[in-house]
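Comments concern the structure below.
Derivation of every value follows stated rules applied to the coordinates shown; laboratory data play no part. Only a predicted model underlies this, so the values are computations on that prediction, with no experimental measurement involved. As a convention, Cβ positions derive from the backbone with ideal geometry for all residues, glycine included, and neighbour counts pool all protein chains shown.
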Amino acid sequence: MAKKVGITRQQYKDIKKKDHQQMNAFLIRFWQDGYNDGLAAGKKSNVSSADIENAIRGIKGMGEMRVKAVMQRVYKLYEAVTE
């Protein structure tokens with residue numbers, strides 16, 4: 001189950017007291033923390049291109065040429081992500 005996201009009562013009281021600049025800085029930090037958590041979770045994914053190829057080969061009606069065409073697209077996606 002995903003980690004519960006929320007604020008404590010004290011954080012709520014502190015937020016109410018913030019001016020525009022403080023609130024902007026708080027929201028940027030809040031967003032950055034969420035982004036970093038999502039990035040870390042995405043890096044934990046252990047699905048490789050070989051796993052994808054094996055899954056595709058298991059589909060009835062997928063011949064060698066079709067699998068190669070699909071895998072070329074998958075390899076392009078992996079290249080785009082790692083650049």
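Report whether or not Glu79 is of a type in the set (D, E, K, R) and surrounded by fewer than 10 Cβ atoms within 10 Å (Cβ to Cβ).
yes
Which pairs have Cβ atoms under 9 Å, sit 6 or more apart or on different chains, and link a residue in the stretch 11-40 that is on the phi < 0 side of the Ramachandran plot to one that is of a type outside the set (Phe, Trp, Tyr) and exposed (fewer than 10 other Cβ atoms within 10 Å of the Cβ)?
Short answer, once both residue conditions are applied: Gly34/Val5; Asp37/Lys3.
Among Gly58, Gly42, which is among the small types (Gly, Ala, Ser) and over 26 Å from the mean Cα position of the chain (by Cα)?
The unique qualifying residue is Gly58.
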